[in-house]
1. So is Arg184 closer than 30 Å to Gly96 by Cβ and of a type in the set (Lys, Arg) or not?
2. Have a look at Met212, Met201 and point out the one that is open to solvent by 70 Å² or more (accessible area, probe 1.4 Å), part of a helix (DSSP H, G or I) and under 30 Å from Ala112 (Cβ atoms).
3. So how many residues does the range 30-63 have that are in a strand (DSSP E or B) and closer than 13 Å to Ala14 by Cα?
4. Pull up the range 210-265, narrow it to residues that are closer than 30 Å to Leu10 by Cβ and among the aromatic types (Phe, Trp, Tyr), then point me to the one that is modelled with the lowest pLDDT.
5. I'm trying to understand the selection: among the residues of the range 34-53, which are open to solvent by 80 Å² or more (accessible area, probe 1.4 Å) and within 19 Å of Ile90 (Cβ to Cβ)?
6. If you check Asp28, Asp60, which single one turns out to be farther than 28 Å from Ala242 by Cβ and charged (D, E, K, R)?
7. When the range 95-120 is examined, which residues are found to be part of a loop (DSSP other than H, G, I, E, B) and either closer than 24 Å to Trp67 by Cβ or not basic (Lys, Arg) (or both)?
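The values are calculated or read from the model by the stated rules, or taken from the named source; none is laboratory data. Note that the structure is predicted; figures quoted are calculated from it, not measured. We place every Cβ from the backbone using ideal geometry, glycine too, and count neighbours over all the protein chains shown. Side chains are part of the model used for accessible areas, which takes the heavy atoms of the whole protein and leaves out ligands, DNA and RNA. Shrake-Rupley method; radii C 1.70, N 1.55, O 1.52, S 1.80 Å.
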Amino acid sequence: MTRLKEKVTLVTGAARGIGAAIARAFVDEGAFVYLTDIDDDNGRATAAALGEGAAYASLDVREEADWREVVALALSERGRLDVVVNNAGITGFEAGAAAHDPENARLEDWRAVHETNLDGVFLGCKHAIRAMRPAGTGSIINISSRSGLVGIAGAAAYASSKAAVRNHTKTVALWCAAQGLAIRCNSIHPAAILTPMWEPMLGSGPDREARMAAFVRDTPQRRFGRPEEVAALAVLLASDEATYVTGAELNIDGGLLAGSAASPG
């Protein structure tokens, strides 16, 4: 499997979940992957498990100095950067329950979500373009969300940030094309993907299956997506099979945004 043979890639938020799945798929397809995260212990362990096709670098996507350092590392060690996946993100609920509706959310909580989810993507795109400009080609993949396409009453900052990622993706695509660069920028919009983020809500008790079913009751396929299914789209967008795809948004939601589905049977 060599769809990404010899491509130098960088994935943010790669210590676990969707980011780790993308890194694994990239290595399997022949790429060299820089896994980045602020969870250094899990990040190093994930990279080590992937073998010689991967390395770990600490990166706080909110900090431009970190971006400069990691991109410089990739360029000095590998001579180029072909693919950047801006995957790192937060929901705002990592520390527990908090008000994230548009009436009661605190400004500092709103800003914290946008700082990671939007500022981090802005910086990732900015430094990806600059790193890819000498070769004139590359692929930037931004992980948005189904929540960036619809309103989420109880997660206003998350929905807003992911909608902004969707829009900025298109702006980056147009900028690169206007510059005469074959640097593509696309967004992926997952819905409910079964990652560690869901574990606090699903629990491990006897009612876990019932909870899972309740969360995906309105999804036509009636199941959670898998991280490797998101990774498969990232592989496509990173590959030379998608060189005419830019400014696009790919939904991976089990049919959720297609409309109402008839009940099975």
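1. No: the conditions fail for Arg184.
2. Met201
3. Residues flagged as in a strand (DSSP E or B) and closer than 13 Å to Ala14 by Cα within the range 30-63 amount to 10.
4. Only one residue tops the list, namely Phe224.
5. Ile38, Asp41
6. Asp60
7. Ala95, Gly96, Ala97, Ala98, Ala99, His100, Asp101, Pro102, Glu103, Asn104, Ala105
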